[in-house]
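Every number here is computed from the coordinates shown, using simple stated rules; none is lab data. Every value quoted in this text rests on a predicted model; they were computed, and no experiment measured them. Positions of Cβ are generated from backbone atoms using ideal geometry, with glycine treated the same way; all protein chains shown enter the neighbour counts.
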Amino acid sequence: MNEQEGVDFLLVEHGKTIDLIQHYENLRVSHLRFAFSFHAVVAIAAFAIIFLSHTQSNDLELTVQIFLGCLLILAFVVGLATVCMLVQNRSDFVDAVRHANTIRKVLFARGTLASRTKSFLPTNPDEPKMYNPMSPHLIVLFLLEVVNSISLGFGVLFFSMAVNTSPWLRFYSPLNCGLIVLIGQFLLVKYVFLKEKS
């Protein structure tokens with residue numbers, strides 16, 4: 001392969017990589033749309049069930065409490081699966097962007113092109129970082145983790161109401177479960193899923 005063929009190959013490769021980056025961006029938006037729509041539907045259904053139950057009697061029936069607990073824990077599990085998909089999407093997105101940056105770096109370091117043109121797009125193959133808390137990807141991911149934790153906390157609350165635990169336990173067990181799961185999700189994303197590859 002001569003030099004011109006190499007440049008042509010890199011240009012085609014760069015175009016395909018940009019298409020791949022756009023694909024990952026569209027996929028992320030689809031996952032987020034699904035996750036927040038799903039959680040909204042579950043929240044509306046839970047409020048409707050509670051409202052209808054309270055119009056018939058002052059206390060929620062045992063079956064309603066168990067159903068709501070199961071529904072909210074199911075929402076947490078689906079939300080957790082969505083978090084995993086979004087984290088994988090972030091990893092694939094970062095790999096594709098780094099590949100595009102590498103191609104740009106090679107192209108803009110070649111002979112006369114380097115002296116005549118300056119790239120306004122990044123050329124650092126180590127950017128973006130996998131874990132950047134200021135990234136829009138991760139900000140929305142953290143928001144989804146908060147929604148997941150709230151869902152789990154309310155699911156535990158309804159189960160503790162069904163078991164008829166003490167008011168003290170009814171307050172602290174959902175709060176503790178929600179906080180532990182929230183911290184666990186943050187730590188998993190930062191130190192396991194989005195750990196920089198060596």
Gaussian network model of the chain, springs between alpha carbon atoms under 10 Å - residue of 144, 20, 182 with greatest fluctuation: 20
Long-range lysine pairs (8 or more apart or interchain), the chain, Cα under 28 Å: 13
Leading residue at positive end of dipole, region 43-173 (Cβ point charges), from 79, 137, 153: 137
Which order do 131, 172 fall in if you start with the one that has the fewest other Cβ atoms within 10 Å? 172, 131
Within the set 134, 161, 85, GNM on the chain using Cα springs under 10 Å gives the largest fluctuation to 134
Given the Cα atoms of region 3-193, and with Rh set as the inverse mean 1/r over their pairs in the Kirkwood sense, what is Rg to Rh to two decimals? 1.21
Quick check: net charge around residue 195, other residues with Cβ under 14 Å of its Cβ, Lys/Arg +1 and Asp/Glu -1? +2
Would you work out which of 27, 7, 39 lies farthest towards the positive end of the dipole of region 1-46, given +1 charges on the beta-carbon of Lys and Arg and -1 on that of Asp and Glu, about the Cα centre? 39
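Give the relative contact order (percent, whole number) for the chain; include only Cα pairs under 8 Å separated by 6+ residues. Numbers along the way, then the final one.
Numbers: 175 pairs, mean separation 50.6, N = 198.
Relative contact order of the chain: 26 percent.
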Which net charge results when you count Lys and Arg as +1 and Asp and Glu as -1 among the other residues whose beta-carbon is under 15 Å from that of residue 186? +2
Please find the FRET efficiency linking residue 44 to residue 106, where r is the Cβ-Cβ separation and R0 is fixed at 45 Å, and quote it to the nearest 0.05. 0.30
Whose amide H sits under 5 Å from the amide H of residue 132, counting only residues 5 or more places off or on another chain, with H placed in the peptide plane? none
Taking the Cβ of residue 88 as the center, what net charge do the other residues with Cβ under 12 Å away carry, scoring Lys and Arg +1 and Asp and Glu -1? 0
Mind putting a number on the dipole of the chain about its Cα centre? Charges go on the C-beta only, +1 for Lys and Arg and -1 for Asp and Glu, and I need it in Debye to the nearest 20. 440 debye
In 10 Å bins starting at zero, report the fraction of Cα pairs in region 59-106 per bin as a rounded %. 23, 23, 18, 15, 11, 7, 2
